[in-house]
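Visitor: My questions all concern the structure below.
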Amino acid sequence: MSDPIMSTYKRLPVHFKRGEGAWLWDTQDKRYLDALSGIAVCGLGHAHPTVKAALCQQAGELIHTSNLYGISRQEELGATLTRLSGMDKVFFANSGAEANEAAIKIARLYGHNRDIDSPAIVVMENSFHGRTLATLSATGSRKVQAGFEPLVSGFVRVPHGDAESLRIVAQNNPNVVAVLVEPIQGEGGINIPPDDYLNQLRDICDANEWLLMLDEIQTGMGRSGRMFAHQHNDIIPDVMTLAKGLANGVPIGACLAHGAAAEVLGAGTHGSTFGGNPLACAAASAVIDVLESEQLAERAEQLGSKILADLADALEGVAGVEEIRGCGLLIAIELDRSCGELVTTALEQGLLINVTADTTVRLLPPLVMSDEQSDEMVNILAELIKQFLSTDQDQ
Ligand SMILES: *Cc1c(COP(=O)(O)O)cnc(C)c1O
């Protein structure tokens, strides 16, 4: 039988048929511990009863009407998100890339409204913002861009974590209207900038009337140890995008805006057929209810610290381990060599992990993972890494 699916993903040889919390079972009934959460999506784990109940209830009432009409579920979710973030307004889309497209359109229109004919957005090296033409152009990875030229113009690139480089851009480029940045780079390898980086960016943006636009698609929804990662810094961005963890797997994206940025998009300037439909919004509201009532951001911070300490213990003195770093449940083990094959050996051992940026083992466990499950994760992984580093022929 020929495979009808386009080969955009190099898939692992497994099909999952059900899940519960941090566990997954494949079609052979083999059990796996999920330390990836569908790439930071299923923060509440699999088959969460509150999300299931909200979806079943909403599907039995109304799935979709269109944005031509008022949508109570959307207004309810919008009110919750603005309450939690201090932002003023929200536009709902269906994915992270779409949320970022909305942010990019806000920045450009904001620029044109200020008579800047060719507005530019500062973006970072090693960033990831999505796979649409504008978002892959904003992404700092040649692998993502190659073959899709001509790229969308109007992006200026600087190193992530280096506020000084933005001050230089401010002196030299009058077309800049915004900065788009991940508070912690996800796909780029869990790259954590200096503690005061976002505060410095906030100051630079204020001084130059630029919009500070935070891509919190991977860092948001409690994963970093705060509901939104920028809340570690006590700032409010002008624009923030969300997606992955927002509805635990039901497709949704959100672009929130504050102050002047919230007034930029008017009737007819942007839209989405599915965006913010009752089903997706009901799921997201259920997710936020659980995040708040079970204090899962605090749990992410606490479990993340435990995992970092346990990994440091288990891998102490192991040659080839360059760094163990993390923030909440965004965790990386940096090795001194390419380690993509670890994903397959972990799968064989019943553990789902990811390798990104070639040499970085990335863990994005569900926020509901128990201490016992995290112990099992660390034990399996530490053994695999030690074995890999001692037998790998590349070194
Ligand atoms: C995953 C991701 C995106 C893209 O989201 P999609 O839903 O795949 O379009 C954008 N930015 C960041 C930081 C991401 O992690």
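The values are calculated or read from the model by the stated rules, or taken from the named source; none is laboratory data. What you see is a predicted model, and the numbers here were worked out from it, not measured in a lab. Neighbour counts are summed over all protein chains in view; Cβ atoms, including those assigned to glycine, are modelled from backbone coordinates with ideal geometry.
Visitor: Cβ-Cβ below 7 Å, separation at least six or inter-chain, first residue in segment 150-174 and free of Cβ contacts under 8 Å to residues at least 24 places away in the same chain, second hydroxyl-bearing (S, T, Y): which pairs?
Guide: Pairs that qualify, where the first residue is free of Cβ contacts under 8 Å to residues at least 24 places away in the same chain and the partner is hydroxyl-bearing (S, T, Y), are L151/S137; V152/S137.
Visitor: Against the definition (under 23 Å from A102 (Cα atoms), within 16 Å of the ligand (Cβ to nearest atom) and out of contact with any Lys or Arg (no Cβ under 8 Å at 6 or more places or on another chain)), how does Q185 come out, yes or no?
Guide: Values: under 23 Å from A102 (Cα atoms): yes; within 16 Å of the ligand (Cβ to nearest atom): yes; out of contact with any Lys or Arg (no Cβ under 8 Å at 6 or more places or on another chain): yes.
Taking the combined requirement at face value, the residue satisfies it.
Visitor: In the set G275, G259, G320, which member is within 18 Å of M87 (Cβ to Cβ), modelled with pLDDT of 95 or more and surrounded by fewer than 24 Cβ atoms within 10 Å (Cβ to Cβ)?
Guide: Numbers: G275 fails: surrounded by fewer than 24 Cβ atoms within 10 Å (Cβ to Cβ); G320 fails: within 18 Å of M87 (Cβ to Cβ).
Criteria check complete, one pass: G259.
Visitor: Hey, another quick one. Search segment 126-139 for residues that are closer than 17 Å to V158 by Cα and pair each with any residue that is within 8 Å of the ligand (Cβ to nearest atom) and of a type in the set (A, V, I, L, M, F, W, C) when their beta-carbon atoms are under 7 Å apart and the residues are at least 6 apart or on different chains.
Guide: T135/A97; T139/F128
Visitor: Additional query: G249 - would you say it is under 18 Å from P366 (Cβ atoms) and within 13 Å of the ligand (Cβ to nearest atom)?
Guide: yes
Visitor: Given the options V290, V355, name the one that is in contact with a His (Cβ under 8 Å, 6 or more places away or on another chain), in contact (Cβ under 8 Å) with a residue 12 or more places away in the chain and outside any loop (DSSP other than H, G, I, E, B). Even if it seems obvious, please write down each step before you answer.
Guide: Working: V355 fails: in contact with a His (Cβ under 8 Å, 6 or more places away or on another chain).
Step by step, each of V290, V355 is checked, and only V290 is in contact with a His (Cβ under 8 Å, 6 or more places away or on another chain), in contact (Cβ under 8 Å) with a residue 12 or more places away in the chain and outside any loop (DSSP other than H, G, I, E, B).
Visitor: I need a count of the residues in segment 24-46 that are free of Cβ contacts under 8 Å to residues at least 40 places away in the same chain and either in a loop (DSSP other than H, G, I, E, B) or in contact with a helix residue (DSSP H, G or I) (Cβ under 8 Å, 6 or more places away or on another chain) (or both).
Guide: Adding up the residues that qualify gives 3.
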